[in-house]
Structures are given as structure tokens and as C-alpha cells.
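Novice: Let me give you the structure first, and then I'll get to my questions.
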Amino acid sequence: MTTTDHNQKEILNKALDADAEILFATIGAINAKEQLGIAPQDKQSLIEQGKEWVAIHEKQFRSIICDNPQVTKYLAEENPQRKDQEATALLIADLVVSFCQGIPAVYVAVLLVKIGLRSWCNGNSRA
């Protein structure tokens, strides 16, 4: 395993261990830093900024994620194991990377897996 592969695996595992609020706050902080050069310190503001960023991209994400055959296979599983979550997050990251504009795609991908990909793809929940 190369250093880059190891680093990507480490980032993926940290993201999978984080809760959705932390992922939203992380996305918000990165986005704020990209736009303003500094990130606000208030965690709730970062969470809201992260949610806003995801909402802006949600339609694009749904169109490329939810009809993907491999994602559909994952959605058919009743109780996916962590290795399935990892593989699906990496697949989703590959699908959305071109839309992420400076936000690490793995954070977006893991967030969608964490909030409930099946429900999100069915339009029953928003990120």
C-alpha cells in the first residue's frame, strides 16, 4: 500500500467514525475557508454552511449517485457492513468529485452514507 493509499484510507476511516454534524461542520469550514479565506469559529454556523453547500449540490449528486448500478446494489442490502459502507463511500466519492469544488469528495460521500442513502435517494430526506 502506498503512502497516498494509506492516507486516503485513514481519511475514509476518520470520516466513517465521525457523525453527520461533524461532517457538515467540516464541509462548512472548508467551504467558508475557500470563499472567505477564513472559517467562522461557531460550530453551529459551520454545520449550517455545510448543509447549505450540500443542498446547493444535492440535485446534481442525486442524479449521478442514485441510479448508479453499484449504489443500487448497496441500497438493496438490509444491513450493510462497514466494508460495504467503505466501498460505497469510495464509489460515491469517485462519482461526485468533479462537483465538489475544493471539498474532499470522501466527506460528501460518507455524509450521504451516514444520513441514510436509501432514504436520501428516495427523496424522503435531505442532506
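Novice: Using a simple charge model, +1 on the beta-carbon of Lys and Arg, -1 on the beta-carbon of Asp and Glu, nothing else, what dipole does the range 54-127 show about its Cα centre, in debye to the nearest 20? Please report the intermediate quantities before stating the final value.
Specialist: Details: 8 positive and 7 negative charges, 34 e Å.
So the dipole magnitude of the range 54-127 works out to roughly 160 debye.
Novice: Pull up the cross-link candidates among the aspartates and glutamates for Lys73, meaning alpha carbon to alpha carbon under 15 Å and not fewer than 8 places away within one chain.
Specialist: By straight Cα distance, Lys73 reaches Asp84, Glu86.
Novice: Nearest 20 debye, what's the magnitude of the dipole of the chain about its Cα centre given +1 on Lys and Arg Cβ and -1 on Asp and Glu Cβ?
Specialist: Values: 13 positive and 16 negative charges, 26 e Å.
Computed about the Cα centre, the dipole is about 120 debye.
Novice: Sort Ile11, Ile30 so the one with the fewest other Cβ atoms within 10 Å of its own Cβ comes first. Let's see the in-between values first.
Specialist: Numbers: Ile11 14, Ile30 21.
Lowest to highest Cβ neighbour count: Ile11, Ile30.
Novice: Report, to the nearest 10°, how far helix 20-36 tilts away from the longest principal axis of the Cα atoms in the chain, using its own Cα long axis and a range of 0 to 90°.
Specialist: For 20-36 against the chain, the angle is about 50 degrees.
Novice: Follow-up. Taking other Cβ within 10 Å of each residue's Cβ, how do Tyr74, Tyr107 sort, fewest first? Mind dumping the intermediate values first?
Specialist: Values: Tyr74 20, Tyr107 25.
Exposure proxy ranking, most exposed first: Tyr74, Tyr107.
Novice: Using a Cα-Cα cut-off of under 17 Å, which aspartates and glutamates could be cross-linked to Lys51, ignoring same-chain neighbours fewer than 8 residues away?
Specialist: List returned: Asp19, Glu21, Glu34, Asp42.
Novice: Quick one: go through the range 84-109 and flag any residue whose amide nitrogen is under 19 Å from the point 7 Å out along the Cα-to-Cβ line of Ala76.
Specialist: 84-89, 91-92
Novice: Relative to the present Cα-Cα distance, how much length would full extension add between Ile115 and Phe99 at 0.36 nm per residue of separation? Show your work: numbers first, answer last.
Specialist: Working: separation 16, 0.36 × 16 = 5.76 nm, distance 1.95 nm.
The Ile115-Phe99 span can extend by a further 3.8 nm.
Rule-based calculations on the coordinates, nothing more; no lab input. Worth saying up front: this structure is predicted, and the values here are computed from it rather than measured. For neighbour counting, all protein chains shown are included, and Cβ atoms are generated from backbone atoms with ideal geometry for every residue, glycine included.
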